[in-house]
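K.L.:
Quick one: the structure is below, and I'll ask about it shortly.
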Amino acid sequence: MKYKRSLFAIILITIFGCSTPKEMVMPFVNMGYSGDRLFPVSENDVDFTFRAWVSLSTSIDRVFTISSDKDWGYSGKLLEIRQNGPYKKNKDKTTFKEINITPRSGVEKFILKVDSLNLLDLKDQADSNFQIALHEPMGLYVIEIKSHGKINYFKFRTHLINKSRVEEKYQRVAELILKELPFDFYMRKNR
């Protein structure tokens, strides 16, 4: 009996005891891919993909991806990239957290809202149209869109603290992301 318990413990330690994840062979994973993977939006196999790379002047960058297809179905992902704090020195402590998300108004209404913003026609924000204040945080957005067989990508910045608004077309995109796509700020509470 004692021998069986020891053998069982050794088997459990062998199977679950390794702290580094092992890479596994998954032969059919590349048959096609939807927007849930971080390959370029332009190369995925779905009808609609909206991806927003968002940095809101914090230590966490966020990548929102919403995709929908009649064959692949719906996929919504939030990837949080947590970067080193200033106290980490040369140690790489960057971590990644992926969360399944659904737009607050639902997938179909979200797609209609994205379509209404004409994102396929937007270009990068002109640098002369955004006044940078070094003492204030700003939002940086890089948008990738694939819809109806067309592809576009563009970037823009917004103010976070002051009430200065950027051009309306970019302000509306930022508001859509912040209102429709669920995420949390992990700020310390004041004591």
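K.L.:
Would you check which residues across segment 52-69 are touching a Leu at 6+ places or on another chain (Cβ under 9 Å), closer than 17 Å to V114 by Cβ and free of Cβ contacts under 8 Å to residues at least 60 places away in the same chain and list them?
P.N.:
Within segment 52-69, V63, T65 meet the criteria.
K.L.:
Hey, can you tell me all the residues within segment 88-117 that are under 16 Å from E175 (Cα atoms), without any contact (Cβ under 8 Å) to a residue 24 or more places away in the chain and either of a type in the set (D, E, K, R) or surrounded by 13 or more Cβ atoms within 10 Å (Cβ to Cβ) (or both)?
P.N.:
Scanning segment 88-117 gives a single hit, K109.
K.L.:
Could I ask something else about it? Does any residue in segment 22-49 that is surrounded by fewer than 17 Cβ atoms within 10 Å (Cβ to Cβ) and outside any loop (DSSP other than H, G, I, E, B) come within less than 8 Å, Cβ to Cβ, of a residue that is at pLDDT 70 or above and not aromatic (F, W, Y) six or more places away or on a different chain, and which pairs are these?
P.N.:
S42/E144; S42/K146; S42/I151
K.L.:
I want to confirm something. Restricting to segment 170-191 and keeping residues that are part of a loop (DSSP other than H, G, I, E, B) and of a type outside the set (D, E, K, R), which single residue is modelled with the highest pLDDT?
P.N.:
L181
K.L.:
Does segment 7-27 contain any residue that is modelled with pLDDT under 80, in contact with an Asp or Glu (Cβ under 7 Å, 6 or more places away or on another chain) and not acidic (D, E)?
P.N.:
No, every residue in segment 7-27 fails to be modelled with pLDDT under 80, in contact with an Asp or Glu (Cβ under 7 Å, 6 or more places away or on another chain) and not acidic (D, E).
K.L.:
Then there's this: Among the residues of segment 118-141 satisfying the criterion of being closer than 23 Å to F185 by Cα and surrounded by 16 or more Cβ atoms within 10 Å (Cβ to Cβ), which is modelled with the highest pLDDT?
P.N.:
Y141
K.L.:
Can you say whether E167 is on the phi < 0 side of the Ramachandran plot, of a type in the set (D, E) and modelled with pLDDT under 90, as far as the supplied structure shows?
P.N.:
Yes: the conditions hold for E167.
K.L.:
Considering only residues that are closer than 15 Å to E98 by Cα and surrounded by fewer than 20 Cβ atoms within 10 Å (Cβ to Cβ), which ones fall in segment 63-74?
P.N.:
Answer for segment 63-74, where residues must be closer than 15 Å to E98 by Cα and surrounded by fewer than 20 Cβ atoms within 10 Å (Cβ to Cβ): just V63.
The values are calculated or read from the model by the stated rules, or taken from the named source; none is laboratory data. These numbers were taken from a predicted model, which means no experiment stands behind them. For neighbour counting, all protein chains shown are included, and Cβ atoms are generated from backbone atoms with ideal geometry for every residue, glycine included.
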